[in-house]
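To keep things clear, I will list the structure first and then write my remarks on it.
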Amino acid sequence: MSTPTTDSRSRRATLGFLLCLVGPLVVGVILNALVRPGLARSLGGEQHVVGGAVRSRDVWWTFTPEIERQHPVLTTFLGYSDGLIAMCVLASIVVIFLVRWVVRRRKR
């Protein structure tokens, strides 16, 4: 038989797990689908696409040397491919879960 305290802990643990998983995924999708294309359009970048299908499509942008001198950080960020951004998101999820596991283990 479960107690209200046990149910509350279980719900918090489940919610924490979902936030650790879904949070970075949402950030990655928003970056690749909205933020990066909007920034690239506003800077006048040239889009490069490799792959024809939606799942295997990889996108990045290049810029004129003048724009690269004016906005070095943004043009470098936009020069990375969508696939690299997605891999960084997955790596961050792994790190978040490892940190969460270590913290929970030390609390015991």
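Here are the numbers:
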read-out	value
Spin-label model distance (nm) - Val35 vs Val99, 7 Å beyond Cα toward Cβ	1.6 nm
Cut-off 16 Å (backbone N to label point 7 Å along Cα→Cβ of Arg12), residues of region 76-108	100-101, 103-108
Linear extension gain, Leu84 paired with Leu21, 0.36 nm per residue minus alpha-carbon span	20.9 nm
Kyte-Doolittle at least -1.0, axis length at least 20 Å by Cα - qualifying DSSP helices, the chain	4-30, 82-107
Largest-first principal axis extents of the Cα set of the chain (Å)	66, 31, 19
Computed FRET value (nearest 0.05) for Gln70 with Ala91, which takes r as the C-beta separation and R₀ as 22 Å	0.10
For region 61-71, 3J(HN,Hα) per residue [Karplus equation, 6.51 cos²θ - 1.76 cosθ + 1.60, θ = phi - 60°, Hz, x = Gly/Pro]	10, 10, 9, 5, x, 4, 5, 5, 5, 6, 9
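We did not get these values from a lab; they are worked out from the coordinates using the rules stated. From a predicted model like this one, the values you see are computed outputs, not experimental measurements. Note: ideal-geometry Cβ built from the backbone for every residue, glycine included; neighbour counts use all protein chains shown.
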